[in-house]
Structure formats: structure tokens, C-alpha cells
Amino acid sequence: AGVAGLACAKELSNAGFKVTVLEAKDRTGGRIHTAKWDGSPVDLGACFIHSCDPEGDNEVYNIAREQNWKMQIKTDFREEWLHRGKRSEEVDTLRNYYSFLDDRAKELAKKCRESHIDQPLSKTFQEAQDSIRVFSELSETEKQIFEGLTVSQHGYVAPLSCLSTHDFIDAHDLGVIEGRERIVIDGGYGALVEHLAKDLTVLTNKVVRGVTQHSFLSPLSS
């Protein structure tokens, strides 16, 4: 019941098919997950809409505008590196270390792709950490912060062990289209999940252990 599955189910439902969505987790959304922290929405996964422009070729942006969701342009993500609302030298140092780690991981990922070798993204980031001396000097708390930042930046609430190193570098090569905005939804990206899941039958905590193919069914008669 991630965005792709919900969008597919919605299209089938709109075409007249009876659809039931099965989700192994206890929530919908997949790598999008908006939680509440002290009454405010916090995106623990995907948090902004890439490459928005008035041309109408970004479907998520189109939905956001059609639904009149309150949005704002996001061009600087440095304010996310705050501790209790205040910047500090320690936070800035960790941020710089993390940027260094991210760059090193990209280098290793490119080598994997050039060698036609793929591996879990968690292994690539571990190799990046092992190759940088400063990370052996970090405290356990700092290491936990880095682990959380890595998951939030690249995993979008999915374990890095389940993600592809090739996909990681492909995403970086794709990048953000020049001249287009990155926009966040004020109430959280979970609004998109709620919109797609509306009027659908979604059963959570249902692990699919096998799939049997039957003859194709026609849409429900009107």
C-alpha cells in the first residue's frame, strides 16, 4: 500500500473493478510516513515534491494543487540540522561529516555500477564509514544520529539493507531539474497517501505469502 500500489488500485477502482489492497505493515504509505511530534506533522520518509513547475508534468504536484493543499518552496535543508531550535557548532560539524560520508558513498556506488556489481545500500554506506578515519572516533550517540540521517535521507523509512546501490546512484544522476522548485506540503506528505487511499479497501497487517493467477475479470457492470 505504497503510493504506486494505491495509485494502481485507484485507477482500477475508477475503471469499475472491485479492488482490495493488502499491506503487510500496520499502516499505508510505504516509504512515505507522516508522524506527529508534539502536535506537529513530521515526515519520517519522503518529504518534498521534486521538480515542480506550472507545465503540469509532475502528477504529485498536480494533485497537490487540485486538492488546494498548503505548500511552500523548500530550497535550503540546512535548518533541518537543528537541536532544540538552535544551531550549534556540534550540529554543524556533524552535518559536514555527513556530507563527506554521502559524497564517499556516491564514489563507491559509482564504482559498483561501473563493475556491474550491485549490493545493499547499507553495505555501501558501511564501506564509506570504514574508509573515513573520523567515523571511528564518533561516539555511539553520534553514530546513531548518522544512521538515522542516512535512513531519512536515502531510505525514506525503508531499511537500507532492502535498497539497491545502483538505484541510489541513479537517483543522484537524475537529480533535480534545473529551474524547478522543490516543494513541501505543510501538513506532511502523508496527505498524498490519504488522498490515494480514500474510498479504497485497504487491509493492513496482511502478509502475502503466495500469488495464484486466475482468469482476467471484467469490470463490475454498472
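Values quoted throughout were computed directly from the atomic coordinates according to the rules given, and no laboratory measurement underlies them. Note that the structure is predicted; figures quoted are calculated from it, not measured. Here the Cβ positions follow ideal geometry from the backbone for every residue, glycine too, while neighbour counts run over all protein chains shown.
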Summing +1 for each Lys or Arg and -1 for each Asp or Glu, what net charge is found among the other residues whose Cβ lies under 15 Å from the Cβ of residue 205? +2
Tell me, what HN-Hα J-couplings in whole Hz come from the Karplus equation 6.51 cos²θ - 1.76 cosθ + 1.60 at θ = phi - 60° for each residue of region 131-139, using x for Gly and Pro? 8, 10, 4, 4, 6, 6, 9, 6, 6
Sequence-distant or interchain residues sharing an amide H contact under 5 Å with residue 202, placed H: which? 21
Please list, in chain and number order, the residues 5+ apart from residue 71 or on another chain whose amide H is under 5 Å from its amide H, with Hs placed from the backbone. 186
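Just order 97-107, 113-123, 132-142, 23-33 by mean Cβ neighbour count inside 10 Å, highest at the front, would you? Intermediate results must be reported in sequence, preceding the final value.
Working: 97-107: 15.7, 113-123: 13.7, 132-142: 10.5, 23-33: 17.5.
Result, highest mean first: 23-33, 97-107, 113-123, 132-142.
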When the Karplus curve 6.51 cos²θ - 1.76 cosθ + 1.60 is applied with θ = phi - 60°, which whole-Hz ³J(HN,Hα) does each residue of region 101-109 get, with x for Gly and Pro? 4, 4, 4, 5, 4, 5, 4, 5, 5
Taking the dipole of region 1-71 about the Cα centre (Lys, Arg +1; Asp, Glu -1; charges at Cβ), the one of 3, 50, 22 that reaches farthest to the positive side is 22
Amide hydrogen neighbours beyond the local backbone of residue 33, cut-off 5 Å, H modeled: 44, 45, 46
Go ahead and collect, in residue order, the members of region 1-22 whose backbone nitrogen is under 11 Å from a label point 7 Å along the Cα-Cβ direction of residue 63. 2-11
Using 0.36 nm per residue, how much length does the chain from residue 147 to residue 70 gain when fully extended, once their Cα-Cα distance is taken away? 24.6 nm
Can you give me the three principal axis dimensions of region 94-135 from its C-alpha atoms, in Å, biggest first? 32, 14, 13
